[in-house]
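Below is one structure, written out as structure tokens; comments come after it.
The values are calculated or read from the model by the stated rules, or taken from the named source; none is laboratory data. From a predicted model like this one, the values you see are computed outputs, not experimental measurements. All Cβ positions, glycine included, derive from the backbone under ideal geometry; neighbour counts span all protein chains shown.
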Amino acid sequence: MPNERKELEKQLRAKAEEAIRKLLEKLPDKSELTMTDIENLVGEMGHEVTQSATEAIARREQAEPCEMICEACQVRMQKRGKRKKQVVTKRGEIELERQYYVCPQCGAGVFPPG
């Protein structure tokens, strides 16, 4: 567990440093900088860091269910491999890779909740 946290910390630091680099690259000359410009640039950086952190932590923490049961047929669904999925959060959309399940009876597909 401590190694996982260290790795997560390393990933989060790298994402934050990348966002700071992007902010500094976009920073215009002092004479052209307004408070609105500052707020917009810092807001973009904050949003990028928040999205990256949310995605990294969600990937690390999401638990795969032992089994999925089809709501319609009440039979055990089969794993069909991991797929990327856009997930809407309170802070925006993130992309996660989650196991995809299909019902062998009716063919319904589902990503587990989370």
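Hey, any hits in region 65-77 for a residue that's of a type in the set (Lys, Arg) and not assigned by TED's automatic domain parsing to the domain that holds PRO112?
The initial filter retains those residues of region 65-77 that are of a type in the set (Lys, Arg), namely 76.
After this cut, where a residue has to be not assigned by TED's automatic domain parsing to the domain that holds PRO112 as well, the list is none.
No.
Within region 49-70, the set of residues being under 13 Å from the mean Cα position of the chain (by Cα) and either in a loop (DSSP other than H, G, I, E, B) or not small (Gly, Ala, Ser) (or both) comprises VAL49, THR50, GLN51, THR54, GLU55, ILE57, ARG59, ARG60, GLU61, GLN62.
The residue list GLU32, GLU48, GLU9, GLU17 contains one member that is modelled with pLDDT of 90 or more and either within 30 Å of ALA108 (Cα to Cα) or of a type in the set (Asp, Glu) (or both), which is GLU17. Does VAL42 satisfy being touching a helix residue (DSSP H, G or I) at 6+ places or on another chain (Cβ under 9 Å), at pLDDT 75 or above, exposed (fewer than 13 other Cβ atoms within 10 Å of the Cβ) and among the β-branched types (Val, Ile, Thr)? Yes: the conditions hold for VAL42. Quick one: is GLY109 farther than 28 Å from LYS10 by Cα and either out of contact with any Cys (no Cβ under 9 Å at 6 or more places or on another chain) or not assigned by TED's automatic domain parsing to the domain that holds ARG13 (or both)? In short, yes. Evaluation of CYS73 against the conditions (1) at pLDDT below 85; (2) assigned to a loop (DSSP other than H, G, I, E, B) shows that the sole unmet condition is (1). Taking the conditions exactly as written (of a type in the set (A, V, I, L, M) and either assigned by TED's automatic domain parsing to the domain that holds ARG5 or modelled with pLDDT of 90 or more (or both)), does LEU96 satisfy them or not? No: the conditions fail for LEU96. Scanning region 76-101 for residues that are part of a strand (DSSP E or B) and under 30 Å from HIS47 (Cβ atoms) yields a total of 17.
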